[in-house]
Structure formats: C-alpha cells, structure tokens
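Written below as structure tokens is the structure these notes are about.
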Amino acid sequence: MPKLPDHLELKRTRVSCKLDAPNDTESILYSGAYASMDVDNSSLESFFKDFKVVVNRITEDEIEFDMIGIDAALANAFRRILISEVPTMAIEKVFIEKNTSVVQDEVLAHRLGLVPLRVDPRLFSYKSEKDEPNEKNTIVFGLHARCEQKEPRRSVKSEELSWLPKGSMFLLEIENKASSSTTAPKTYTNFKSSQDELPELSDNPIHPKYPDITLARIGPGQEIELEAHAVKGVGKEHAKWSPVATAWYRMLPEVVLLQDIINEEAEKLVQKCPANVFDIEDTPTGKKATAPRPRSCTLCRECIRGEGWDKYVALRRKKDHFIFTVESTGALSPEVLFTEAVKILEDKCERIITELS
Amino acid sequence: MLASQMRGLVKEHLDSYNYFISTGIKKIVRVNNEIRSNVDRGIYLKFLDVKIGEPSIVLDGVFEKINPQFCRLSNMTYAAPIEAHIEYVTETGGQKQLCEKKDVIIGRMPIMLRSRYCVLYGKDETELAKLGECPLDPGGYFVVKGNEKVIMIQEQLSNNRIIIEVDKKGNLVASVTSLGATLRSKTVIMMEKEKIYLHLNRFQNKVPIMVVMKAMGIESDQEVVQMIGRDPRYSALLLPSIEECASFGVKTQRQALEFLEKKVKKPQFVSAQSEKEDKALKVLQDIFIAHVPMHGSSFRAKCIYAAVMMRRMLEAFLNKAAVDDKDYVGNKRFELSGQLLSTLFEHIIKDTISFGLERALSTGNWCIKRFRIDRKGVTQVLARLSYIQALGFLTKIQPQFEKSRKVSGPRALQPSQWGMLCPCDTPEGESCGLVKNLALMTHVTTDEEEGPLVSLCYCLGVEDLELLSGEELHSPNSFLVIFNGLILGKHRRPQHFASALRRLRRSGKIGEFVSIFVNEKQCCVYIASDGGRVCRPLVIADKGVSRIKHHHMKELLDGVRTFDDFLREGLIEYLDVNEENNALVKYDKLGAGQNATVAVMSYTGYDIEDAIVMNKSSLDRGFGRCIVMKKKSAIMQRYENNASERILPPTREGYAAERMQALDDDGIAAPGQIIRQDDFLVNKSTPKITKGPITSGVIPDSEYRPTPFKLSGLAGDNSVIDRVALFADKNSNMCINFIIRQTRRPEVGDKFSSRHGQKGVCGTIVQQEDFVFSERGICPDLIMNPHGFPSRMTVGKMIELLGGKAGVSCGRYHYGSAFGEPSGHADKVEDISETLVKHGFSYSGKDFLYSAKKHDIEKLPSIFPLVSFQLVLVFHGERLQEVLDKMHARGFGPRAILTRQPTEGKARNGGLRVGEMERDCLIAYGASNLIYERLMISSDPFQVCRSCGLLGYYNHKLKAGICSACKNGENISTMKLPYACKLLFQELQSMNIVPRLKLSDV
C-alpha cells in the first residue's frame, strides 16, 4: 500500500496551529481525493480497524473520553444530538395561584423552567398540544412558600418544589355543578394512577437535581403558591430540555519539538508555558526540553510567541482523535446520555435507509 | 455619603429652588402684598407673610399627605399648599372691620424632588425605598400630572450690562437690556455716519443722543464732553453730534423735550388724553435705561450711565478690540428652575396661582406679558432610558436662539466655556453647539442681597456718584465701580479695593459667589452678585503657591476632611472635585445591561453591517430579556346632568366572553392577568343622555351604551397587567390606571449596543448546536463582526474585551476607564495579557474556535489576518429599540376626514405609501395589473358635467347624476378621480378659480 508523502500526510491528518491562525483545518472526506497517488482515502475499513473509545474520566455528572479514528463529521453529529435531540423532562407550564413576591410571574416561570429535574425521561412519552395531561406525559410539582410577617427576607430554593405523584391539586373552575357531585373533582391533570406506583419511581422519587437553586426571594408577608407541570421535550425547542450543560470535543493536541532545545532556551520554554506541557531532561550534552504532556496544551501559543520560536515548536491537532466531554445536567448519567445519542443517530440512519429503499 | 455627594450634579437646581421657596417667594409677596377694591378703596386684602406647607392634597375635604411616587402613579401634581398670613377688611352694614387670618391656602406650589420642601429631603436609603423612590435618583425635577418634568436651564444674555457690538450695517452699537422692578426694556445707542443716536422702541425712529442729554437736563455741551471724558479724541468724535443738535436749534431742556415729544410713538389705543403733555419725559424716566433708578426727578444717574455707554462705544470705535463678544460666557446668565418659577409666580400672583404654575410646568409655555417673555419648551419630560441620560438631562442648557438659524458664532466652542460648560456634550444636528451641558464641578449662583454689599462698597472707599462732577468721573487713576450693572461711584485705589473685598469673601463675610473683577482697560471694577452666573471651584494660590498642601489631600482621601472644609478654611474658592468618580461608581451600580460572552468573528454571514448573531440557547436561558411597562388610564366620566359612566361585571359566556377574560368580577381587569390587543381593561358603559336637566333616580340599562376600555397600541401577545390603581382625579371622577408589562426576549431585528457605541441589530438567531465553541467548551452568547473595529477605532472596546476575559478568569473586577491610568488604578493591557496567559489563554485574547457546522476549526476571513477570535466577556447591554415597537402594517383602516386619504404614522394605524420607488419596483417586476389597479381603478367615481366641466353629484332619488351648475342631468358622465383631486377643485372654486374638466373619448 503506497503512502502519501510526509508533507501531504501531515496536511491530511493534522491541523497546524500557527500564531495567527490555524492551517489545514478542513478534513478531506472524499475517498478518491488522493487517487492520483494511488492512495485510498476511504475510511470504512480503517474505521473498523482503528476506531476505539477510551474513557479517561467519569463522574456522576461528567465524562471525558477519547474517540479515536473517527471523522469530525461523526463526532460532531454526536455532539449536536446530545445538545439538542436527547429528550429530558422540564417544567413547561406554571399555574400561579398566588405570587405576591417582587418576581414577576413570567420571570418566575422562566426560572422554574430552567431547573434541571432528576427523572429518567424514557419513562414518559411526549405530550402534544391536544393531549390531556396524564400520568404518562406530565410530572406535577407544587410550590407553596411563605415568608411570615416577622421573618426576615428569605430565598425560595428549588428543594421546596414538591413532587405531586397524584397529579394537579388545583381544581378546574367547575363548569356544571350537577355532574361533578359524584365523581372526583376535576383538576388540571387527568391521572389514572399515581406515579409513585411505577416501580421505577416508587423508591426513587422525582425531585430537582440540585436543592439549592434560588427561585425567588420573598420578603415578610409575601407568598408564592403555584403548580408546575413538567413535560418531555428536546433541546432544539428550548435549551431547558437540553440534557447536557454542554457537550463538546477538542482534537488531541500534539506538541512537536522541531529542533533540540537545550539549556537556557529549554528553561525559557518550560517557563513560558502556563499549562506545564514541557519538561527538562538531563542528557549528556546538557539540558534538553521535552513535551511529555501535550494533552494539557490550551493553545495559548505562548511557546511560539516571539521571534523565531515557531522554528522550535510546532503545535498541532490530530484530526481523527477527539477528546469528548459531556457534562450532564442530571436527568441521566453522562455515559447513558451518550448511548442515547448513539441510538438516536442509529434511528436517523435507519429512517434514511428505509426512505431510500 | 455617596448619595449626598452625588447631589452635586443637580445642586444648582435644588439650590435655586430652595432659594426661591425660602426667600424669593416672600419677597415677591411683600412687593405685591396689597389687593384693593376698585369700588371702595378702603376695602383691601394684604398678605403679611407666606410659607410653603408640606406636600399634600385636599380631597373631598380630607387632608392627605402625598409623596412623589404616589403622584406619578395617580397622575397628580406633587405640590404643597402655599399658606399665607393675611389681613383684610370686611364691611358689614357700613361697618368696616379689620380681620387677620393665618394659614390661608392661596394656591399650590409644585415641589421639586429632593429639595428642602420635599418629603424625600434628608431621607436615608431604607426610608426612600419605603416611599417607592430610588436612592440613587438625583431629584431636581417636578412631578406634574404624573409626568416627570424638568425645567431646563435657560441661557440668556445678561441683563443690565452694556454690550458693545457691530450691527449688520457695520455700525457700532452699545446696547443694554434693562430689567427694572416692573418692566424690561432695551436701550440702544448707536453710531451712524459719525453721529450718535439713541434707539428706543418707544420712539418712532432714532433720536440724536445730544438732544436726549439735553432733555435730561444737561444743557451744556461741555458737561457732556466732560462726562464722556476729556480725551480730545472723544471730543472730536462727539463734534458731529453736537453740531447736529445745534442745527435742530435745540439748546434747552424745554426745547429738547418738545423735539422728542414729536418722536414719541402714538399709543395704539388713545385712552387718556391727560398724559399727552410730557410723554417724552415719561419715556426717559421709565423706559430709558430702566434699571438705573431715578433719585426724585434727577436724571443725573441716567446721564452718567448714558455717558459711560457712549464712552465705551467711542473707545471701541478707536480700538476695535474693545468690541464685546456676545458669546462670551461672562456675558451670559443661566436661569434655573428657581428664577424661572419666581418670574412666573410674580406674574400670576394676583391670578390663579396653582393652575397657572401647573399649566406652565406641564406645557412648558412660559408667558409673562409684563416682561415680554413668551417661551415655549421650557420644561421637558425627564428621559429615563438610562441613569446617565437622566443625569445629563438635568444639566442641559437651552439657548435663547432659534435652532434653525444658520449661524456659527454661538455654536462654536468658546474659550471662556473652559471648566464651566462641557466641551464635548452637545447634540448632533440642528441644535449642535446651542444646547450645552454644565461641566461637572460648576455651580450656578442664586441672587444675593444687594443692599449690604452696596453699603460695604461705600465703606471701603467708593465715592458716591451723586457727589461727583462730570470732570471727576474719568479722572486718571480712578476706577468706576460698577455693581450688578449699576454705577456706584469711583474708587482711587481699585486694586486695594478689590483685594479687600476678596479677603472678605474668602473669610466668609460676604457670599462666596460674589465676583470682583478689575478691568484695567475700561478702568472699571465690576462686582457681581446676581443669580445665574456659572462658577467653578479653584484653588487659591498665594504668589503662585497653592494653598492646598500634600497633607490636605491625604486628609481628604482618608475622609477626614471634606471639600466643604476646604472651602471654609479658605483653601479653595468653591467645592467638589470628586463627583466625576462618583458618577462612574453609580453607573456601575445601575448599569443598564448584561455581560455577554462575545466572539469577534464572522459567522453565517448574517453579521454584516454591524449585525450580531445570537445564540438561541442563551436567549432561552434569559439573555437579553427586558421588561417593558406601559401605562393606560381610564376615566369614569361624570356628566353635567349628574349621569356618570358605570362599570359592569363581565359576561362569562358567549361571544363577548373571550374579550373579557382578563376582567375580575368587578369589571376591571385584574393584576397578573395575561391580556391581548383589544381585550377589555374596563367593561364600561356610558349613558346615552349626557346633557340637559339633572337626572334623578336610577337610569335604566337601556339608556346606557357599552363603551369598553380596550387595550390598544401594545403589539405582541404576552402583555400582563402589572398593577391597577384606582384614584380620583381633580374633578373627582374615578380614574383607573393600568400598568401593563411585557417581558420580551430578543428577536431578529432588535437593536443592541455595547458601551462603546457599537450598535447593531440582531441579524439571526442560531441554535447552540450550530454555534461555535472553544476548546474549553465555551459557547459565546453572541457573535460580532470584526469589521466594526478598524474604521470606528473603538480601542476601549478592545481593551474591555481583554479585560472582561481576564476578569472572569481571575475573578476580579477590572478597571478600564481613562481616568485611572495616571494614578495607577487602571489595569493596563500588559497586565491584562499577563493574567490571560496565566490562565492558559493567548495574550492577545484570541482563541481557536470549532465550527459546529463545518466540522472543523473555523478559518479566518482572509481580509483580516491579525485577529483570529476573541472569546470574551463584554458588557453588551442596552437594548435600544425593538422591532415589536416598530413593526407595522395595515390593510384597510382609518382615513383622514378632509382628504379621505389613509392616516399617517404607526400610532394612528396609518397606511404605508406606495411611492415612486415602490412603483418602479412593481413595474420592474411586471406586476402591471397591480399598478393599474392601484393607480387608476382604486379611485372614487364622480359625476362630471360635459357641458360646464364642473363636478356634479349623484341624486339617489332620481338615480341619475345632476350638475348643480347647469341645473340638469343631461350631460353627465361618471369619471374616476381621487377624492383629493375633487377636493382640490372645490377648494379652487371657493377661491373663485374655476377648474373645468374637458372630457373626450379615448
């Protein structure tokens, strides 16, 4: 198998970051791009062979992993889906019974909407405009906060949002009194069963992910009484439904020392870097600079700032190696979120295949 | 402490108002204290004293205290009663009785906010908050009928000062505008063809000055020459005038008066014949240099004054440099709220006081006949878009010139404005350079008591004018002493005299704003204590060494001393240097806007021409939201027949129910309700019969017609009723004020600005997944095009971009104003860069961003190779205009009655004109049928008589057109004409022009 000459191979696989701007930023997707040199640029086989995922760090809310041997387009697809297409539950409708605080109703409602809820959205279905709110598509929270006359001014925190598994407690204005005497009074929701009877929710009650989000401040004598209805949605419609605080990737940094950097120069280089990328190695010929931690490079370009330094150091990015970070807002753990994103991409592909065939 | 120093910015307004209320008003009342009956002179009413009470109102006999916020909400005037102590005579059955009464309310005086008579005076922050008032609000304005009104500072040429200028014809002119106790007059002495004349609007035309001098009793030419000065050059210039006078044969006072008698303007309405005789003498007594008082029937003071005027003019004739500059700030006086109010008050004291004051304040029309003042636009509504704007409004100075005049002189920056008026802050456009702003540290003086100062001058060795002969007047080495435009006398050691006065001023024995000025050229000492002069603080130097020493400054910084102490100790002449910094501190406190993460780059192409690209997720999360409040008020009118409008409970069912959703059971919309355009705010109905005799009993429902009060003029479907206030207006009709709130999120077309005047509309809103992101996962809130920088050269913004980024990475405020650099407070770019590097950013603030659409690192635009991308936090706030307020379109709608053409403007739901260019577009597009319809068919049919060519009408009974000129319908054709064309023909006919239409077949 013939190989590309070095300078072209560099252009194909690396982004070179110069002081003023990056070069070779485009990825060459076309399989026949190098056909004239007898080089096959198609990547499916090499993808099967080279693709791997290495998890670097995983916590409850955050995951960082390397995705190696994949094109930027695919990596980006996962990122986009994570941000905008993986569904979560978020408060959509707020019924305000009483709000004597200084926070305006709509501002309060907006704040409530942005509170992340710790609930698996897969347990619920989407609610369309004409659907009646029921136990399958709506989660109801109640909030009743009051600041007594003598008390000091206080904050209303998200922990005061209490889950109402039986649905809304607010009565609909009775339309005709006669019929409602026998049946239970109508509320804003129509729950057939209590949500806490669901096995998944029975010992895992729904609550806001963080208890200490300030919703409003209330002074003496002020009161807030409301009901908030959460429904399922996607981040494309409103950022509150986005399951991630953000999801992003960066290409693997590569710091190449083009020449031997020795003694004073080497020390200068180590000094210059705020991210501590470089080290000094003692060699028989003297002190020599090395770059053992290219991953920590933040691209501040201090190392190539100043006359002539770009001859010593080259900052590059590997085009097919992505360091992917997902920060979950708490509905699902970050690794589950990623697999959900993969599933959504699968669905999309299948849909296209069926449409095409 | 800050708040009290802050008040410096509007201090002149407050001071002048306080002076007016505490002293001015009493003086005015003392002068005009008597009202006598015309029938019986024995019956009179006399004001003994007057004072201003607490701001309050009497409603239905109930005394109620008021505060400004209450007045703003309920459309009231924030005013306090004027309580007078009166003495009056009553007559019962021929028995006259003298009575005395205290605290009689004679009217209501609008109260300036934060003045000494305002409820807010001396209140601390919590107390202010309780009254619904912002602690940072500077005050200095009025609340009139619920609106915040500012009396603009008026700029004027100073009264009672001699001004030498060259008129249009090139003649030298000495003029003085006299403001006497009762009237205002202008005296002009001019030199024409080497002879000197007097112009006075009571004389038909110019009169020779020598005749006037003779008429005033100076019969000897020699004495006139002596008074002007014995310099032979002056005498030579006077010679032609003296000869002219002699040629008229005027030699004595008697002859002179007879001569002038003929020149006096005949009064327009000849009323009393009695005063026919000595009109000329009267004019000379009352009108000629009116501010110089007469001592009995002696004209001596006036003669000397006229002589001095002539001398100044002749001086200017010999030496062109002696001509005065009208634009010189020293020749200007600024009238502040207090002065303006006091002239108005004096005018209306015998009239309806409260009504007159309120009307003048709310309309801004200052009309005082006695002083021939008729000014419009004296008050303006306080602009409240931002805090700084409101402050700036209070220091704005209105000129007396017309804006439209194309003159450059008054617009130019005057060297004498230095330190007094801001050299930068002036509007663009027609009023450029005419409207000015006070500089930060200036103070505008208020009137000071004259009597003590005058006697002080005499004590310090001024020789009284009355005792001087003409010869002595201008003797060398003696200076004339001129006090507020009046000649007091002369002094032989002017420098000694001046420094003695100054010493007295610095030790606080006389007012700190009295100015003493020795004019060597004119051999005069000018002393001024009148109001309206601008002053600024200066450090006193003894032989060139400043009295403020290093330890003083240190004590000041430590807060041990204040500037007032400096003033008291005689270190500076007048106070406050620190306010500039205070203003900036406040600005931070009340910043209008939000911090944004900004990427300076080109993206999507929707950012050309200063447009910005916004991140939808940022908007979702609340970036750039704003709340708009609008006030709507409804009045429940009570009619003369005692019938009044009423409010009905809403109907909950049927067709009308939808529009009544927001209504409470009482028929008034409830706070918190969401309301749309045309929804009912009040379900009101009006009686059908509103005139005639007083109705008694209950009016039946059928006698009412529904006149609901609907929401109008607020586009968008997210309006919410914020507050509802019920109150009674002056005529005790019930009023309902609704404050309607809209929370708006940015949309395409809204205009945003940073603090550097870099404004731009939102060009597009992009989903977060399509936005750029940095290696650290940061996604900007908005993207700004770098092409905004090179031509605008807003270096400040670049520094702010860097400073902002450094600020968020190290968690510290950065100080970037231009004032900190010399003192080392400011963060320099070098230091900011260092901070950035320490946190792993590039020193230049540039970052590498990943494109979310192209799957690679964004490439640079090739034109602008140096900047890659700055991902930074910058203050990007201030939503300027919103599309929602501008957007407008209509199909059919209202028309103007006269022309039947669609109305104009958004507020009147007006039409949009298809003009020439739009027509061109349609032609180019080829929409010929549309054009044909618009321009030819969409007109109104009219009957035209073929025989006479005039317009006829269509008679519906006969179902035929009739020509009213020919009295028949034989030759009628129907023709389409625009209504406006028909109107033109009729208007021409009314002017005796007959437009005839000649019709022919096509």
**Report entry** Failed item, numbered, when residue B:778 is tested on (1) under 24 Å from residue B:885 (Cα atoms); (2) open to solvent by 10 Å² or more (accessible area, probe 1.4 Å)
**Finding:** (1)
**Report entry** Among (1) modelled with pLDDT of 85 or more; (2) open to solvent by 30 Å² or more (accessible area, probe 1.4 Å); (3) of a type in the set (Gly, Ala, Ser), the one test that residue B:217 misses
**Finding:** (1)
Report task. Residue by residue through region A:319-347, note down the ones that are part of a helix (DSSP H, G or I) and either buried (at least 22 other Cβ atoms within 10 Å of the Cβ) or more than 14 Å from every other protein chain (Cβ to nearest Cβ) (or both). Result -> A:334, A:335, A:336, A:337, A:338, A:339, A:340, A:341, A:342, A:343, A:346, A:347
Query raised in the report: From the list B:22, B:37, which residue is in contact (Cβ under 8 Å) with a residue 60 or more places away in the chain and at negative phi?
Result: B:22
Query raised in the report: Of all residues in region A:278-298 being in a loop (DSSP other than H, G, I, E, B) and crowded, with 16+ Cβ neighbours inside 10 Å, which is farthest from the other protein chains (Cβ to nearest Cβ)?
Result: A:291
Requested in this report: Evaluate the following for residue B:191: is it in the same structural domain as residue B:293 (by TED's automatic domain parsing), in contact (Cβ under 8 Å) with a residue 60 or more places away in the chain and either in contact with a Ser or Thr (Cβ under 8 Å, 6 or more places away or on another chain) or crowded, with 21+ Cβ neighbours inside 10 Å (or both)?
Outcome: yes
Query raised in the report: Does residue A:80 qualify as being assigned to a helix (DSSP H, G or I), in the same structural domain as residue A:41 (by TED's automatic domain parsing), at pLDDT 90 or above and not aromatic (Phe, Trp, Tyr)?
Result: yes
Query - Options B:351, B:374, B:324; residue that is open to solvent by 30 Å² or more (accessible area, probe 1.4 Å), of a type in the set (D, E, K, R) and closer than 30 Å to residue B:440 by Cβ - result: B:324
Query raised in the report: Does residue A:225 satisfy being touching a Lys or Arg at 6+ places or on another chain (Cβ under 6 Å), within 14 Å of chain B (Cβ to nearest Cβ) and open to solvent by 20 Å² or more (accessible area, probe 1.4 Å)?
Result: yes
Report summary line: Expected single match for surrounded by 20 or more Cβ atoms within 10 Å (Cβ to Cβ), outside any strand (DSSP E or B) and in contact with a strand residue (DSSP E or B) (Cβ under 9 Å, 6 or more places away or on another chain) among B:161, B:114 is B:161
Query raised in the report: If you take just the strands (runs of 3 or more DSSP E) that sit entirely in region B:312-392, which of them hold at least 2 residues that are among the β-branched types (Val, Ile, Thr) and at pLDDT 85 or above?
Result: B:379-381
Report task. State all residues of region B:742-762 that are more than 14 Å from every other protein chain (Cβ to nearest Cβ), in a strand (DSSP E or B) and open to solvent by less than 20 Å² (accessible area, probe 1.4 Å); if no residue qualifies, say none. Result -> B:752, B:753, B:760, B:762
Requested in this report: May I ask you to say which residue of B:477, B:484 is at positive phi and open to solvent by 50 Å² or more (accessible area, probe 1.4 Å)?
Outcome: B:477
Query raised in the report: Can residue B:894 be described as within 19 Å of residue B:981 (Cα to Cα) and open to solvent by less than 90 Å² (accessible area, probe 1.4 Å)?
Result: no
Query raised in the report: Given the residues A:316, A:301, A:250, which is the only one that is part of a loop (DSSP other than H, G, I, E, B) and either charged (D, E, K, R) or within 20 Å of residue A:57 (Cβ to Cβ) (or both)?
Result: A:301
Query raised in the report: among the acidic types (Asp, Glu) and more than 31 Å from the chain's Cα centre (by Cα) - does that describe any residue in region A:266-278?
Result: yes
Query - Selection count, region A:44-77, where residues are part of a helix (DSSP H, G or I), more than 11 Å from chain B (Cβ to nearest Cβ) and either among the hydroxyl-bearing types (Ser, Thr, Tyr) or surrounded by 14 or more Cβ atoms within 10 Å (Cβ to Cβ) (or both) - result: 2
Requested in this report: Take residue B:633 and decide whether it is within 14 Å of chain A (Cβ to nearest Cβ) and either at pLDDT 80 or above or assigned to a strand (DSSP E or B) (or both).
Outcome: no
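Identify, from the list B:819, B:875, the residue that is closer than 18 Å to residue B:778 by Cβ, under 46 Å from the mean Cα position of the chain (by Cα) and either of a type outside the set (Ser, Thr, Tyr) or at pLDDT 85 or above (or both). Before the answer, list the steps.
Values: B:819 fails: closer than 18 Å to residue B:778 by Cβ.
The match here is B:875.
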Requested in this report: Answer yes if at least one residue in region B:170-185 is more than 30 Å from residue B:29 (Cα to Cα), out of contact with any His (no Cβ under 9 Å at 6 or more places or on another chain) and open to solvent by 40 Å² or more (accessible area, probe 1.4 Å), and no otherwise.
Outcome: yes
Query raised in the report: Somewhere in region B:240-263, is a residue open to solvent by 10 Å² or more (accessible area, probe 1.4 Å) and in a strand (DSSP E or B)?
Result: no
Report task. Give just the number: which of (1) closer than 30 Å to residue B:36 by Cα; (2) at pLDDT below 85 does residue B:158 not satisfy? Result -> (1)
Report task. Specify which of the listed residues (B:739, B:721) is within 14 Å of chain A (Cβ to nearest Cβ) and in contact with a Phe, Trp or Tyr (Cβ under 7 Å, 6 or more places away or on another chain). Result -> B:721
Requested in this report: Return a yes/no flag: does region A:79-100 have any residue that is in contact with a helix residue (DSSP H, G or I) (Cβ under 9 Å, 6 or more places away or on another chain), farther than 27 Å from residue B:622 by Cβ, open to solvent by 10 Å² or more (accessible area, probe 1.4 Å) and more than 8 Å from every other protein chain (Cβ to nearest Cβ).
Outcome: no
Requested in this report: Kindly check whether there is at least one residue in region A:19-32 that is in a helix (DSSP H, G or I), of a type outside the set (A, V, I, L, M) and surrounded by 16 or more Cβ atoms within 10 Å (Cβ to Cβ).
Outcome: no
Query raised in the report: Hey, residue A:112 hits all of (1) in contact with a strand residue (DSSP E or B) (Cβ under 7 Å, 6 or more places away or on another chain); (2) open to solvent by 10 Å² or more (accessible area, probe 1.4 Å) but one; which does it fall short on?
Result: (2)
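The values are calculated or read from the model by the stated rules, or taken from the named source; none is laboratory data. These numbers were taken from a predicted model, which means no experiment stands behind them. Every residue, glycine as well, gets a Cβ built from its backbone with ideal geometry; the counts of neighbours run over all protein chains shown. Areas reflect the complete protein model, heavy atoms only, side chains present, ligands, DNA and RNA absent. Shrake-Rupley method; radii C 1.70, N 1.55, O 1.52, S 1.80 Å.
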